[in-house]
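The values are calculated or read from the model by the stated rules, or taken from the named source; none is laboratory data. The shown structure was predicted, so the numbers you read here are calculated from the model rather than taken from an experiment. Glycine gets a Cβ as well: all are built from the backbone with ideal geometry, and neighbour counts include every protein chain shown. Areas reflect the complete protein model, heavy atoms only, side chains present, ligands, DNA and RNA absent. Shrake-Rupley method; radii C 1.70, N 1.55, O 1.52, S 1.80 Å.
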Amino acid sequence: MRHSGPFVLPVRDIVRKAGEMREHTLTIPAPEQWGEGIVSVPKGKELDLDVRLESVHEGILVSGELDTVFEGVCGRCLRDIAEPLEVEFQELFEYPGEETADFEVQDDHVDLETLVRDAVVLSLPFQPVCQPDCPGLDPVTGERMAQSTGTAQQAPVDPRWAALQELTDQDGSAESAAPNTEES
């Protein structure tokens, strides 16, 4: 295990001292792109971390919050988006023992990178949208429906109903041509 890096924190002063606690505030650039979908946290984006390390009988309990920004495109209209992301995480880094744990205290250090990366990636939205009521793209023209040109386009008529459409068009024109003879 490496013992240096922005996500590696020393815990020597609280190891096996149940009840001891340390808090850290860190600003770290993302070491790589986190996320593979249509949104991700790009490499170099600032990660603001507030971390609390608590010594417990079994190991070091790591709790924290992370604030950053994810970037990508809207899943409906493909507009570029950048939204804030707030993530909470908590994990027990166990003291080394006979059983292998997912996270362990190694040489009086804890490495938070995997924990933080997993929490961020799992918090990214699966279907991100630029706004909750984003109408998306027009299926015929491919233009963004939110950017309508102001001309109301009539939906294409199913050819099976075309004869009935002609009747309603004729009735509409006949009514408008007839003079209004009703008295009020």
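Students often get this wrong: which residues of the range 1-42 have the backbone nitrogen under 20 Å from the point 7 angstrom along Cα-to-C-beta of Val56?
Output list for this probe position: 9-24.
If DNA, RNA and ligands are ignored and the probe is 1.4 Å, what is the ranking of Trp34, Trp161 by accessible area, most exposed first? Numbers along the way, then the final one.
Numbers: Trp34 0, Trp161 150 Å².
In descending accessible area the options line up as Trp161, Trp34.
Under 15 Å from the Cβ of Arg22, count the other residues' Cβ atoms, weight Lys and Arg +1, Asp and Glu -1, and hand me the total. Don't skip to the answer; put the middle values down first.
On the way: positive: Arg12, Arg16, Lys17, Arg52; negative: Asp13, Glu20, Glu23, Asp50, Glu54, Asp108.
That works out to -2.
Subtract the Cα-Cα distance of Glu65 and Ala101 from 0.36 nm times their separation in residues, and report this length gain in nm to one decimal.
Working: separation 36, 0.36 × 36 = 12.96 nm, distance 2.28 nm.
Stretched out fully, the Glu65 to Ala101 stretch lengthens by 10.7 nm.
Report the Stokes-Einstein translational diffusion coefficient (µm² s⁻¹, integer) for the range 73-138, Rh taken as the Kirkwood radius over Cα pairs, at 4 °C with viscosity 1.567 mPa s. Could the numbers behind the result be given before it?
Working: Rh = 15.0 Å.
Result for D is 87 µm²/s.
Using the Kirkwood radius built from alpha carbon pairs, what does the Stokes-Einstein equation give as D for the range 20-114 at 20 °C and 1.002 mPa s, in µm² per second? Numbers along the way, then the final one.
Values: Rh = 15.1 Å.
For the chosen part, D equals 142 µm²/s.
Hand me the trypsin sites (Lys or Arg not before Pro) from the range 37-106 located in a DSSP loop with no more than 13 other Cβ atoms within 10 Å, in residue order please. Please list the in-between numbers first.
Numbers: sites: Lys43, Lys45, Arg52, Arg76, Arg79; in loops: Lys43, Lys45, Arg76, Arg79.
Answer in residue order: Lys43.
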